[in-house]
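Every number in this text was worked out from the coordinates using simple rules, so none of it is lab data. Everything numeric in this text was worked out from a predicted model, so none of it was measured. Cβ atoms come from the backbone with ideal geometry, glycine included; neighbour counts cover every protein chain shown.
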Amino acid sequence: MQNDVADLLNALHDGSMTLDEVARRFRDRSWPRRQRALPASYSELATADMRDPDSYVPGSYDDVAAAYHGGRLTDEQYTILVTAITESKNAEDKHLDQ
């Protein structure tokens, strides 16, 4: 299974793509979203709090976070890429609201 986000991050890391190019590609793609029901009671909230974290989703923000925490992205690169992801999701939400 191909992971285009990991491929883009690798290209940024090895210098075959610029940060601007990767950020543009991040803005142009659709990002997977986790669907969770909001807790309806304190009991459900406590249960949700004790649950294991969500599993890794290939081709998602998880790849960006892993690259950052693994030292493959600088603070500036991480901030720019996360902003691009946010812009992509906001544009998608705006399109869905119309």
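Give me the one-decimal nm value for the distance between modelled label points at HIS13 and ARG29, 7 Å along each residue's Cα-to-Cβ direction.
Using points 7 Å along Cα→Cβ, the separation is 1.5 nm.
Starting from the Cα-Cα distance between HIS69 and ASP20, subtract it from 0.36 nm times their residue separation and give me the gain in nm to one decimal.
Values: separation 49, 0.36 × 49 = 17.64 nm, distance 2.08 nm.
Value of the extension gain: 15.6 nm.
Just to confirm a number: summing +1 for Lys and Arg and -1 for Asp and Glu over residues other than TYR78 whose beta-carbon lies under 14 angstrom from that of TYR78, what do you get?
Net charge in that neighbourhood comes out at -3.
Which Cα, out of ALA40, ALA67, VAL57, lies furthest along the positive dipole direction of the chain (beta carbon charges, K/R +1, D/E -1)?
ALA40
Would you mind giving the average projected area, over all directions, of the Cα convex hull of the chain in nm² with one decimal? Don't jump to the answer; show the numbers that get you there.
On the way: hull surface 32.8 nm².
Orientation-averaged projected area of the Cα hull: 8.2 nm².
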